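Right, one structure below, let's go through it.
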Amino acid sequence: MRKVTGIILSGVLAIVAAGCDYARTSADAPDTLTDGTEDPARVQETKEDAQSEIRQDQLTSDIRAREQRNEVFGEEDIRADSDIESEVRAKLEANIPRSKLTVEAEDGNVVIVGTVPNEREAETIEPLAHEIEGVDSVQVDVNIVPPVGS
């Protein structure tokens with residue numbers, strides 16, 4: 001019974017993973033690489049969610065799980081597009097908590113779109129993405145949307 005449950009769970013996870021072909025830093029980040037609209041009133045709410053202790057624990061856990069999986073399978077140097085997307089997303093979310101970004105990777109080429117609250121944070125996106133192993137090039141297309149009251 002445990003084997004059947006494991007097989008079913010693996011199948012469901014594979015289907016879910018196949019259905020998501022980009023990574024987002026928040027649930028309300030753009031759904032596509034061309035949707036860049038933003039509500040300035042929600043910027044503070046996004047920051048609070050990204051800086052919560054639970055979300056930081058999730059980011060740390062995601063990174064640790066990826067590293068362990070790559071070590072087990074002996075593929076530390078090989079990065080799948082989905083791993084690159086996930087690692088770039090986690091890096092951006094941890095360092096730019098008020099952002100709403102969508103990340104897509106293909107063959108080491110990363111495209112990042114969305115919104116950030118200021119120019120300084122927009123300028124940190126490309127260097128942060130290049131810190132991830134497997135990233136060859138980064139294209140950034142973000143809008144600057146300051147929070148309401150700024």
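The values are calculated or read from the model by the stated rules, or taken from the named source; none is laboratory data. Because the structure is a prediction, the values reported are computed rather than measured. A quick note on method: Cβ atoms are made from the backbone with ideal geometry, for glycine too, and the neighbour counts reach across all protein chains shown. Keep in mind that these areas ignore ligands, DNA and RNA; they rest on the heavy atoms of the full protein, side chains included. Shrake-Rupley method; radii C 1.70, N 1.55, O 1.52, S 1.80 Å.
When Ala94 is tested against (1) modelled with pLDDT under 90; (2) farther than 20 Å from Ser82 by Cβ; (3) among the hydrophobic types (A, V, I, L, M, F, W, C), only condition (2) is not met. Checking each residue in the range 52-97 for being touching a strand residue (DSSP E or B) at 6+ places or on another chain (Cβ under 6 Å) and of a type in the set (Asp, Glu) picks out Asp81, Glu85. The set of residues in the range 105-120 being surrounded by fewer than 20 Cβ atoms within 10 Å (Cβ to Cβ) and in contact (Cβ under 8 Å) with a residue 12 or more places away in the chain consists of Glu106, Asp107, Gly108, Asn109, Val111, Asn118, Glu119.
Going through (1) farther than 21 Å from Val148 by Cα; (2) more than 15 Å from the chain's Cα centre (by Cα); (3) modelled with pLDDT under 90 one by one, Leu33 falls short only on (2).
For the range 49-68, residues that are at pLDDT below 75 and either farther than 22 Å from His130 by Cα or open to solvent by 90 Å² or more (accessible area, probe 1.4 Å) (or both) total 5. One residue alone among Pro97, Pro127 is surrounded by fewer than 21 Cβ atoms within 10 Å (Cβ to Cβ) and assigned to a loop (DSSP other than H, G, I, E, B), and that residue is Pro97. Of all the numbered requirements in (1) without any contact (Cβ under 8 Å) to a residue 40 or more places away in the chain; (2) in contact with an Asp or Glu (Cβ under 8 Å, 6 or more places away or on another chain); (3) not β-branched (Val, Ile, Thr), Lys91 misses one, and that requirement is (1).
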